[in-house]
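Data block below; observations after.
The values are calculated or read from the model by the stated rules, or taken from the named source; none is laboratory data. These numbers were taken from a predicted model, which means no experiment stands behind them. Every residue, glycine as well, gets a Cβ built from its backbone with ideal geometry; the counts of neighbours run over all protein chains shown.
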Amino acid sequence: MFLIFALITLAGAVALALQRNLVVAGLCLVLSFTGVAGLFLLLANPVAAALQIIVYSGAIVVLLLFVIMLLNEHQEEAAVQARPLQRWVSVAVILALGAGVLKLVAGSPLLRRLDAAPLPAVLTLGSLGDALFSEHLLAFEVAGLLLLAAMVSAVALVKRDL
Amino acid sequence: MTTLSSILAGGLQGYILVALLLFLIGLGTVLCRRSILLQFMGVELMLNAANVALLAFARFRGGDVQGLVFYLFIIAVAACEASVGLGLVVGLYRHRHSTDTDRADALRQ
(Lines give C-alpha, C1' and ligand atoms only; values in the text may rest on other atoms or scores of the structure.)
Protein backbone atom coordinates (compact mmCIF):
# COMPACT_ATOMS: atom_id res chain seq x y z
CA MET A 1 0.00 0.00 0.00
CA PHE A 2 2.80 2.39 0.91
CA LEU A 3 4.45 1.87 -2.47
CA ILE A 4 1.18 2.45 -4.35
CA PHE A 5 0.44 5.75 -2.63
CA ALA A 6 4.06 6.89 -2.86
CA LEU A 7 4.07 6.16 -6.59
CA ILE A 8 0.74 8.03 -7.07
CA THR A 9 2.17 11.05 -5.24
CA LEU A 10 5.45 11.12 -7.14
CA ALA A 11 3.84 10.37 -10.54
CA GLY A 12 1.45 13.29 -10.07
CA ALA A 13 4.32 15.58 -9.10
CA VAL A 14 6.50 14.55 -12.07
CA ALA A 15 3.57 14.91 -14.50
CA LEU A 16 2.97 18.41 -13.05
CA ALA A 17 6.59 19.41 -13.54
CA LEU A 18 6.60 18.27 -17.19
CA GLN A 19 3.08 19.34 -18.18
CA ARG A 20 2.52 21.94 -20.94
CA ASN A 21 -1.19 22.60 -20.30
CA LEU A 22 -1.89 24.48 -17.06
CA VAL A 23 -5.35 22.95 -16.50
CA VAL A 24 -3.95 19.42 -16.82
CA ALA A 25 -1.14 20.45 -14.45
CA GLY A 26 -3.77 21.47 -11.89
CA LEU A 27 -5.39 18.04 -12.21
CA CYS A 28 -1.96 16.39 -11.74
CA LEU A 29 -1.71 18.42 -8.53
CA VAL A 30 -5.01 16.85 -7.36
CA LEU A 31 -3.55 13.38 -8.07
CA SER A 32 -0.43 14.18 -6.05
CA PHE A 33 -2.43 15.60 -3.10
CA THR A 34 -4.68 12.52 -3.09
CA GLY A 35 -1.60 10.31 -2.91
CA VAL A 36 -0.36 12.37 0.05
CA ALA A 37 -3.77 11.88 1.73
CA GLY A 38 -3.34 8.12 1.25
CA LEU A 39 0.10 8.33 2.88
CA PHE A 40 -1.50 10.13 5.85
CA LEU A 41 -4.06 7.30 6.14
CA LEU A 42 -1.20 4.79 6.24
CA LEU A 43 0.37 6.90 9.00
CA ALA A 44 -2.79 6.13 11.08
CA ASN A 45 -3.89 9.75 10.79
CA PRO A 46 -7.40 9.86 9.24
CA VAL A 47 -8.00 13.44 10.42
CA ALA A 48 -5.02 14.74 8.45
CA ALA A 49 -6.09 12.71 5.40
CA ALA A 50 -9.59 14.22 5.48
CA LEU A 51 -8.16 17.74 5.92
CA GLN A 52 -5.76 17.13 3.03
CA ILE A 53 -8.62 16.12 0.71
CA ILE A 54 -10.93 18.95 1.81
CA VAL A 55 -8.47 21.85 1.98
CA TYR A 56 -5.79 20.96 -0.57
CA SER A 57 -7.41 18.92 -3.33
CA GLY A 58 -10.74 20.64 -2.66
CA ALA A 59 -10.40 24.32 -1.86
CA ILE A 60 -6.89 25.33 -2.96
CA VAL A 61 -6.87 23.45 -6.29
CA VAL A 62 -10.39 24.67 -7.16
CA LEU A 63 -9.26 28.26 -6.48
CA LEU A 64 -6.16 27.67 -8.61
CA LEU A 65 -8.20 26.22 -11.50
CA PHE A 66 -10.62 29.16 -11.30
CA VAL A 67 -7.71 31.59 -11.63
CA ILE A 68 -6.16 29.61 -14.53
CA MET A 69 -9.46 29.61 -16.44
CA LEU A 70 -10.14 33.27 -15.55
CA LEU A 71 -6.77 34.38 -16.93
CA ASN A 72 -7.38 32.46 -20.18
CA GLU A 73 -3.75 31.35 -20.35
CA HIS A 74 -3.73 27.59 -20.69
CA GLN A 75 -0.24 27.26 -22.18
CA GLU A 76 3.11 28.50 -21.02
CA GLU A 77 4.21 31.42 -23.22
CA ALA A 78 7.25 31.20 -25.48
CA ALA A 79 10.44 32.23 -23.72
CA VAL A 80 11.71 35.79 -24.18
CA GLN A 81 15.21 34.38 -24.34
CA ALA A 82 16.62 30.92 -23.74
CA ARG A 83 18.49 30.67 -20.44
CA PRO A 84 20.45 27.42 -20.65
CA LEU A 85 22.96 28.39 -17.94
CA GLN A 86 20.30 29.05 -15.28
CA ARG A 87 18.52 25.82 -16.23
CA TRP A 88 21.64 23.68 -15.86
CA VAL A 89 22.67 25.40 -12.63
CA SER A 90 19.22 24.73 -11.12
CA VAL A 91 19.32 21.08 -12.20
CA ALA A 92 22.80 20.74 -10.69
CA VAL A 93 21.69 22.39 -7.42
CA ILE A 94 18.69 20.04 -7.17
CA LEU A 95 20.82 16.95 -7.86
CA ALA A 96 23.47 18.00 -5.34
CA LEU A 97 20.84 18.72 -2.69
CA GLY A 98 19.11 15.40 -3.39
CA ALA A 99 22.34 13.38 -3.23
CA GLY A 100 23.38 15.05 0.04
CA VAL A 101 20.07 14.54 1.82
CA LEU A 102 19.71 11.00 0.45
CA LYS A 103 23.09 10.11 1.96
CA LEU A 104 21.97 11.60 5.29
CA VAL A 105 18.64 9.75 5.28
CA ALA A 106 20.11 6.38 4.31
CA GLY A 107 22.99 6.62 6.76
CA SER A 108 21.18 8.02 9.79
CA PRO A 109 21.22 5.71 12.84
CA LEU A 110 18.59 7.88 14.56
CA LEU A 111 16.00 7.24 11.83
CA ARG A 112 16.64 3.49 12.10
CA ARG A 113 16.18 3.63 15.89
CA LEU A 114 12.87 5.52 15.54
CA ASP A 115 11.80 2.95 12.97
CA ALA A 116 12.22 0.12 15.47
CA ALA A 117 10.04 1.75 18.15
CA PRO A 118 6.54 0.28 18.73
CA LEU A 119 3.81 2.05 16.77
CA PRO A 120 1.10 4.02 18.62
CA ALA A 121 -2.68 3.89 18.13
CA VAL A 122 -4.68 5.88 15.57
CA LEU A 123 -4.84 9.64 16.18
CA THR A 124 -8.49 10.67 16.60
CA LEU A 125 -10.31 13.96 16.21
CA GLY A 126 -11.00 13.92 19.96
CA SER A 127 -7.34 13.98 20.91
CA LEU A 128 -6.73 16.74 18.36
CA GLY A 129 -9.56 18.82 19.85
CA ASP A 130 -8.26 18.27 23.38
CA ALA A 131 -4.75 19.44 22.47
CA LEU A 132 -6.02 22.31 20.32
CA PHE A 133 -8.41 23.86 22.83
CA SER A 134 -6.47 23.20 26.02
CA GLU A 135 -2.90 24.07 24.99
CA HIS A 136 -3.13 26.05 21.75
CA LEU A 137 -6.24 28.19 22.19
CA LEU A 138 -4.44 31.48 21.52
CA ALA A 139 -2.76 30.13 18.37
CA PHE A 140 -6.16 28.83 17.21
CA GLU A 141 -7.72 32.29 17.57
CA VAL A 142 -4.74 33.92 15.84
CA ALA A 143 -5.14 31.45 12.93
CA GLY A 144 -8.79 32.50 12.62
CA LEU A 145 -7.76 36.16 12.56
CA LEU A 146 -5.10 35.37 9.93
CA LEU A 147 -7.71 33.69 7.71
CA LEU A 148 -9.96 36.76 8.02
CA ALA A 149 -7.04 39.07 7.14
CA ALA A 150 -6.18 36.91 4.12
CA MET A 151 -9.79 36.98 2.95
CA VAL A 152 -10.00 40.78 3.19
CA SER A 153 -6.63 41.28 1.50
CA ALA A 154 -7.52 38.91 -1.35
CA VAL A 155 -10.68 40.93 -2.02
CA ALA A 156 -8.69 44.20 -1.79
CA LEU A 157 -6.04 42.89 -4.21
CA VAL A 158 -8.37 41.89 -7.02
CA LYS A 159 -11.00 44.60 -6.69
CA ARG A 160 -10.45 47.29 -9.32
CA ASP A 161 -11.60 50.37 -7.39
CA LEU A 162 -12.12 50.12 -3.66
CA MET B 1 20.12 -4.57 2.79
CA THR B 2 17.95 -3.45 5.72
CA THR B 3 17.55 0.19 4.61
CA LEU B 4 16.02 -0.78 1.27
CA SER B 5 13.58 -3.28 2.79
CA SER B 6 12.56 -0.70 5.41
CA ILE B 7 11.86 1.83 2.65
CA LEU B 8 9.84 -0.64 0.57
CA ALA B 9 7.79 -1.80 3.58
CA GLY B 10 6.80 1.76 4.50
CA GLY B 11 9.15 2.49 7.38
CA LEU B 12 10.10 5.96 8.51
CA GLN B 13 12.89 6.18 5.97
CA GLY B 14 10.43 5.45 3.16
CA TYR B 15 8.22 8.39 4.17
CA ILE B 16 11.22 10.69 4.52
CA LEU B 17 12.43 9.60 1.08
CA VAL B 18 9.02 10.32 -0.49
CA ALA B 19 8.96 13.73 1.23
CA LEU B 20 12.48 14.44 -0.06
CA LEU B 21 11.61 13.50 -3.66
CA LEU B 22 8.39 15.52 -3.52
CA PHE B 23 10.34 18.54 -2.25
CA LEU B 24 12.95 18.21 -5.00
CA ILE B 25 10.30 17.89 -7.75
CA GLY B 26 8.56 20.99 -6.36
CA LEU B 27 11.88 22.86 -6.26
CA GLY B 28 12.58 21.81 -9.86
CA THR B 29 9.15 23.10 -10.91
CA VAL B 30 9.79 26.46 -9.25
CA LEU B 31 13.28 26.84 -10.69
CA CYS B 32 12.79 25.53 -14.24
CA ARG B 33 9.27 26.60 -15.26
CA ARG B 34 8.43 30.17 -16.28
CA SER B 35 4.67 30.37 -15.69
CA ILE B 36 3.97 31.87 -12.27
CA LEU B 37 0.97 29.55 -11.82
CA LEU B 38 3.17 26.48 -12.30
CA GLN B 39 5.66 27.94 -9.83
CA PHE B 40 2.80 28.35 -7.35
CA MET B 41 1.94 24.65 -7.81
CA GLY B 42 5.60 23.80 -7.15
CA VAL B 43 5.48 25.76 -3.89
CA GLU B 44 2.39 23.80 -2.86
CA LEU B 45 4.23 20.54 -3.59
CA MET B 46 7.15 21.63 -1.37
CA LEU B 47 4.73 22.54 1.42
CA ASN B 48 3.14 19.09 1.15
CA ALA B 49 6.54 17.43 1.32
CA ALA B 50 7.13 19.20 4.64
CA ASN B 51 3.71 17.99 5.85
CA VAL B 52 4.53 14.37 4.97
CA ALA B 53 7.82 14.55 6.87
CA LEU B 54 6.16 16.23 9.87
CA LEU B 55 3.36 13.68 10.23
CA ALA B 56 5.73 10.75 9.61
CA PHE B 57 7.95 11.92 12.46
CA ALA B 58 4.88 12.52 14.66
CA ARG B 59 3.78 8.91 14.05
CA PHE B 60 7.14 7.27 14.61
CA ARG B 61 7.93 9.31 17.71
CA GLY B 62 5.02 7.76 19.58
CA GLY B 63 1.87 9.24 18.01
CA ASP B 64 2.44 12.78 19.23
CA VAL B 65 -0.75 14.82 18.71
CA GLN B 66 1.27 18.06 18.60
CA GLY B 67 2.35 17.12 15.07
CA LEU B 68 -1.30 17.06 13.99
CA VAL B 69 -1.95 20.42 15.67
CA PHE B 70 1.02 21.88 13.81
CA TYR B 71 -0.28 20.40 10.54
CA LEU B 72 -3.62 22.13 11.16
CA PHE B 73 -1.88 25.50 11.51
CA ILE B 74 0.24 24.85 8.40
CA ILE B 75 -2.95 24.16 6.43
CA ALA B 76 -4.51 27.42 7.71
CA VAL B 77 -1.43 29.41 6.63
CA ALA B 78 -1.35 27.57 3.27
CA ALA B 79 -4.96 28.56 2.62
CA CYS B 80 -4.08 32.22 3.36
CA GLU B 81 -1.01 31.97 1.13
CA ALA B 82 -3.06 30.50 -1.73
CA SER B 83 -5.74 33.20 -1.62
CA VAL B 84 -3.31 36.14 -1.36
CA GLY B 85 -0.85 34.62 -3.87
CA LEU B 86 -3.54 34.00 -6.48
CA GLY B 87 -4.87 37.53 -5.90
CA LEU B 88 -1.37 38.82 -6.67
CA VAL B 89 -1.25 36.69 -9.85
CA VAL B 90 -4.55 38.18 -11.02
CA GLY B 91 -3.19 41.67 -10.30
CA LEU B 92 0.02 40.91 -12.23
CA TYR B 93 -1.99 39.66 -15.22
CA ARG B 94 -4.09 42.83 -15.23
CA HIS B 95 -0.97 45.01 -15.40
CA ARG B 96 1.14 43.02 -17.87
CA HIS B 97 -1.29 40.66 -19.67
CA SER B 98 1.11 37.78 -19.02
CA THR B 99 1.82 35.23 -16.31
CA ASP B 100 5.40 34.69 -17.48
CA THR B 101 7.89 35.55 -14.74
CA ASP B 102 10.61 36.45 -17.27
CA ARG B 103 8.34 39.21 -18.61
CA ALA B 104 7.73 40.63 -15.11
CA ASP B 105 11.26 41.92 -14.55
CA ALA B 106 10.68 45.63 -13.89
CA LEU B 107 8.87 47.45 -11.11
CA ARG B 108 7.41 50.12 -13.42
CA GLN B 109 5.19 49.54 -16.43
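Filtering the stretch B:59-109 to residues that are of a type in the set (S, T, Y), crowded, with 20+ Cβ neighbours inside 10 Å and modelled with pLDDT under 90 leaves only B:T99. Between residues in the stretch A:70-96 that are under 16 Å from A:L22 (Cα atoms) and residues that are assigned to a helix (DSSP H, G or I), which pairs lie under 6 Å by C-beta distance while being six or more apart or on different chains? Sorted first by the residue in the stretch A:70-96, then by its partner, the pairs are A:L71/B:Y93; A:H74/A:L22; A:H74/A:V23. The listed residues are B:A50, B:A19, and the only one of them that is surrounded by fewer than 18 Cβ atoms within 10 Å (Cβ to Cβ), within 11 Å of the chain's Cα centre (by Cα) and part of a helix (DSSP H, G or I) turns out to be B:A50. Taking the criterion of being among the charged types (D, E, K, R) and under 30 Å from A:A44 (Cβ atoms), the residues of the stretch B:27-61 that qualify are B:E44, B:R59, B:R61. Across the stretch B:1-25, the qualifying residues are those that are more than 7 Å from chain A (Cβ to nearest Cβ) and at pLDDT 90 or above, and the one among them that is farthest from A:P84 (Cα to Cα) is B:A19.
Considering the stretch A:70-153, the qualifying helices (runs of 4 or more DSSP H), each wholly inside and each with 2 or more residues that are under 19 Å from B:G28 (Cβ atoms) and modelled with pLDDT of 90 or more, run over A:84-107. If you go through the stretch A:111-121 and keep only what is surrounded by 10 or more Cβ atoms within 10 Å (Cβ to Cβ) and more than 8 Å from chain B (Cβ to nearest Cβ), you end up with A:R113, A:A116. Taking residues in the stretch A:23-36 that are free of Cβ contacts under 8 Å to residues at least 12 places away in the same chain, and partners anywhere that are of a type in the set (A, V, I, L, M, F, W, C), the pairs with Cβ atoms closer than 7 Å and at least 6 places apart or on different chains are A:A25/A:L16; A:A25/B:L38; A:A25/B:M41. Taken together, A:V105, A:V89, A:V61 contain a single residue that is within 7 Å of another protein chain (Cβ to nearest Cβ) and at negative phi, which is A:V105. Residues of the stretch B:55-63 include at least one that is facing chain A (nearest Cβ under 7 Å), among the aliphatic types (A, V, I, L, M) and assigned to a helix (DSSP H, G or I). Considering (1) more than 7 Å from chain A (Cβ to nearest Cβ); (2) without any contact (Cβ under 8 Å) to a residue 60 or more places away in the chain; (3) in a helix (DSSP H, G or I), the lone condition that B:A106 does not fulfil carries the number (3).
Taking the stretch A:122-162 as the range and being more than 7 Å from chain B (Cβ to nearest Cβ) and β-branched (V, I, T) as the test, the residues that pass are A:V122, A:T124, A:V142, A:V152, A:V155. In a residue-by-residue description of the stretch A:2-13, the property of being of a type in the set (S, T, Y), touching a Gly at 6+ places or on another chain (Cβ under 8 Å), farther than 30 Å from A:L157 by Cβ and buried (at least 20 other Cβ atoms within 10 Å of the Cβ) applies to at least one position.
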